[in-house]
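> What follows is a single structure, and I will ask about it in a moment.
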Amino acid sequence: MSQFKTLDDLGDISGKVALVRVDLNLPMRDGEVTDATRARAVAPTILELADAGAKVLLLTHFGRPEGQRNSTMSTSLIQRTIQDVLGREVMFISEVSGPVVEQSLAIMRPGDIGLLENTRFWPGEEANDADFARAIAAHGDFYVNDAFSAAHRAHASTEGLAHLLPAYAGRAMQAELEALDKALGHPQRPVAAVVGGAKVSTKMGVLEHLVGRVDHLIIGGGMANTFLAARGIAVGKSLCEHELTGDVAAIMEAADRSGCVVHLPYDVAVAREFAPNPPSLRVCNVHDVAADEMILDIGPQATEALADALKTCRTLVWNGPLGAFETPPFDTATVALARTAAALTREGSLVSVAGGGDTVAALNQAGVTGEFSYVSTAGGAFLEWMEGRELPGVAALRQAD
Ligand code: AMP
């Protein structure tokens, strides 16, 4: 991964000003931060820079204020959480550029940390406006991007700044890019991909990209219903995108051409009502789904076959649950396969990388998040990476000199 610079490439930064893009878009309820995971993820980078004597200015978006000041989305609301996570004092700075930032820097000592206001209070952020980016860059000696989850956006703080200052990947960004490279860039073969979740339509790009790159493509969730229907199997009242039959056929043909095995379930868990532990729950062959039933999970035989396939693989990339995992017992297949993947990872035979909001929730439910090789909390950025797209924030780091 020598295409971009990391903190290891920084020389003496004592007294220098680091502009650090982080993702502190923390979830809030009733004015309180409900989950500080994203703050913990960027803490090592911030502390490393501060301990090396830099004056650290943090840049983040927070909510969607759409180019206007909005007190309910001020980063001052997350200042205390960041302080608690870092165990250091953090100064809130109510602008991202101009005299207020200048004055704050004048009183900051080397090693001090400042939290700038929400970048999205200014329309120049999302427009990636050159003047806006230049005004911010004027305060910094170098730029660090530690926000992979925002790297699919070409905004001033995620992309523009990288062209204006010496640019480096932070530790979280570096770990994410290294893990993703191991999973799909330069993976050990055979490679398996699990693509689950609700709809084929939202993951068409992912399927098209993966089909030519992986050896096993495991289709789960509502997406499997669309694949089954395209093969002429009656799926009853299941969530299904019948209009995508042609697209699914094209994916199956591409898979045949590139020697990729597409795994569809041959047994499924079905019910007449979508509720926890419904009385009508049963497991059946995919050919026996009744007209008034819904497929809500893949079945035990299919799950076992997938586990056997995983045992032959060296690399796994996973996005999307195999069933409606929020509603028991339709988390059964997802939990079982996640535990198999975790066990294989523990044994050292599998590199396992998973990502996406629902996927992280499902792995948490299975209790195996910590046992995967890498779990990405990035949603949109992870999916775009699975589509094989170059993320603007990452591309800008690679081009930076
Ligand atoms: P996605 O955001 O595309 O990854 O989709 C995740 C959602 O798909 C979760 O909320 C699951 O409950 C849902 N899901 C997975 N399998 C099914 C299924 N067989 N029928 C209905 N919804 C499903």
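Just so you know, all these numbers are worked out from the coordinates, no wet-lab data involved. What you see is a predicted model; the values in this text were computed from it and never measured. Cβ sites come from the backbone with ideal geometry, for glycine too, and all protein chains shown count toward neighbours.
> How big is the dipole moment of region 7-171 about its Cα centre under a simple scheme where the beta carbon of each Lys and Arg is +1, that of each Asp and Glu is -1, and everything else is neutral? Debye, nearest 20, please.
Numbers: 15 positive and 23 negative charges, 40 e Å.
Dipole of region 7-171, to the nearest 20 debye: 200 debye.
> Considering only DSSP beta bridges where both residues belong to the chain, give the percentage that are antiparallel (nearest 5).
On the way: 10 of 49 bridges.
So the antiparallel bridges amount to about 20 percent of the total.
> Here is a follow-up. Using helices alone, what [θ] at 222 nm do you get for the chain, with -39,500 (n - 2.57) per DSSP H run of 4 or more residues, divided over all residues and rounded to the nearest 500?
Values: 14 runs with 139 residues, N = 401.
One gets -10000 deg cm²/dmol as the mean residue ellipticity at 222 nm.
> While we're looking at this one, here's another question. Of Val90, Leu316, Leu239, which is farthest on the positive side of the dipole of the chain, counting Cα position, with +1 on Lys and Arg Cβ, -1 on Asp and Glu Cβ, and the Cα centre as origin?
Result: Leu316, furthest along the dipole toward the positive end.
> Okay, moving on. Is region 229-328 best put as rounded, prolate or oblate by its Cα gyration tensor, with a ≥ b ≥ c the root eigenvalues, rounded for a/c under 1.5, and otherwise prolate when a/b is larger than b/c, oblate when not? List each step's numbers first, then the result.
On the way: a/c = 2.08, a/b = 1.33, b/c = 1.56.
It comes out oblate by the Cα gyration axes.
> In square nanometres and to one decimal, what's the mean projected area of the convex hull around the Cα atoms of region 191-271?
Working: hull surface 19.6 nm².
Orientation-averaged projected area of the Cα hull: 4.9 nm².
> How large is Rg over Rh for region 174-232, taking Rg from the Cα atoms and Rh as the Kirkwood inverse mean of 1/r across Cα pairs?
Numbers: Rg = 13.0 Å, Rh = 12.5 Å.
Reported Rg/Rh, Kirkwood definition of Rh: 1.04.
> Now a separate question. If eta is 0.890 mPa s and T is 25 °C, what Stokes-Einstein diffusion coefficient results for region 135-222, Kirkwood Rh from Cα pairs, in µm²/s?
Working: Rh = 15.6 Å.
For the chosen part, D equals 158 µm²/s.
> Also, quick follow-up: Compute the helix-to-body angle for 37-51: its Cα long axis versus the longest principal axis of the chain, expressed 0 to 90° and rounded to tens.
30
> Further question: Binning at 5 angstrom from zero up to the longest distance, how are the C-alpha pair distances of region 187-386 distributed in percent?
Taking all Cα pairs of region 187-386, the binned fractions are 1, 8, 18, 21, 22, 16, 9, 3, 0 percent.
> Between Pro65, Pro99, Pro300, where does the largest GNM mean-square fluctuation fall for the chain, given springs only between Cα atoms within less than 10 Å?
Evaluated over the chain, the most mobile residue of the options is Pro99.
> Using only alpha-carbon positions, what ratio does the radius of gyration of region 7-171 give when scaled by 2.2 N^0.38 Å?
Values: Rg = 14.2 Å, N = 165, 2.2 N^0.38 = 15.3 Å.
Against the compact-globule rule of thumb, the ratio is 0.93.
> Would you order Ile13, Ile295, Ile78 from fewest to most other beta-carbon atoms within 10 Å of each residue's own beta-carbon? Before the final figure, lay out the partial values.
Working: Ile13 19, Ile295 29, Ile78 25.
Listing Ile13, Ile295, Ile78 from fewest to most nearby Cβ atoms yields Ile13, Ile78, Ile295.
> Hey, another quick one. What FRET efficiency do you get for Glu387 and Arg109 if R0 is 41 Å and r is their Cβ-Cβ distance, rounded to the nearest 0.05?
Numbers: r = 45 Å, r/R0 = 1.09.
For Glu387 and Arg109, the calculated efficiency is 0.35.
> On a 0 to 90 degree scale, rounded to 10, what angle separates helix 245-258 from the longest Cα axis of the chain?
Relative to the chain, helix 245-258 is tipped by roughly 80 degrees.
> Report, for region 187-386, the % of DSSP beta bridges that are antiparallel, rounded to 5. Walk me through the numbers before you get to the answer.
Values: 8 of 27 bridges.
Percent antiparallel among DSSP bridges in region 187-386 is about 30.
> In debye, nearest 20, what is the charge dipole magnitude of region 187-386 about its Cα centre with +1 on Lys and Arg Cβ and -1 on Asp and Glu Cβ, if you could check?
Details: 13 positive and 21 negative charges, 85 e Å.
Here the size comes out at about 400 debye.
> Given that compact globular proteins tend to follow 2.2 N^0.38 Å, what is the ratio of the alpha-carbon Rg of the chain to that value?
On the way: Rg = 23.2 Å, N = 401, 2.2 N^0.38 = 21.5 Å.
That ratio works out to 1.08.
> When a footprinting reagent is the concern and you count Cβ atoms within 10 Å, what order do Asp23, Asp181 take, fewest first? Walk me through the numbers before you get to the answer.
Numbers: Asp23 23, Asp181 14.
Fewest to most other Cβ atoms nearby, the residues stand as Asp181, Asp23.
> Mind checking which lysines have their Cα closer than 25 Å to the Cα of Lys55? Skip sequence neighbours fewer than 8 apart in that chain.
Lys5, Lys16
> Assigning unit charges at the beta carbon (Lys, Arg +1; Asp, Glu -1) and nothing else, what dipole magnitude in debye, to the nearest 20, does the chain show about its Cα centre? Could the numbers behind the result be given before it?
Details: 32 positive and 50 negative charges, 66 e Å.
It works out to roughly 320 debye.
> I need the phi-derived Karplus couplings for region 86-96: 6.51 cos²θ - 1.76 cosθ + 1.60, θ = phi - 60°, integer Hz, Gly and Pro marked x.
Each residue of region 86-96 in turn: 7, x, 9, 6, 10, 8, 7, 10, 7, 9, 10 Hz.
> Cα centroid distance between region 277-349 and region 40-115, in Å?
About 43 Å separates the Cα centre of region 277-349 from the one of region 40-115.
> On C-alpha positions alone, give me the angle between the axis of helix 332-347 and the longest principal axis of the chain, in degrees, nearest 10.
So the inclination is approximately 60 degrees.
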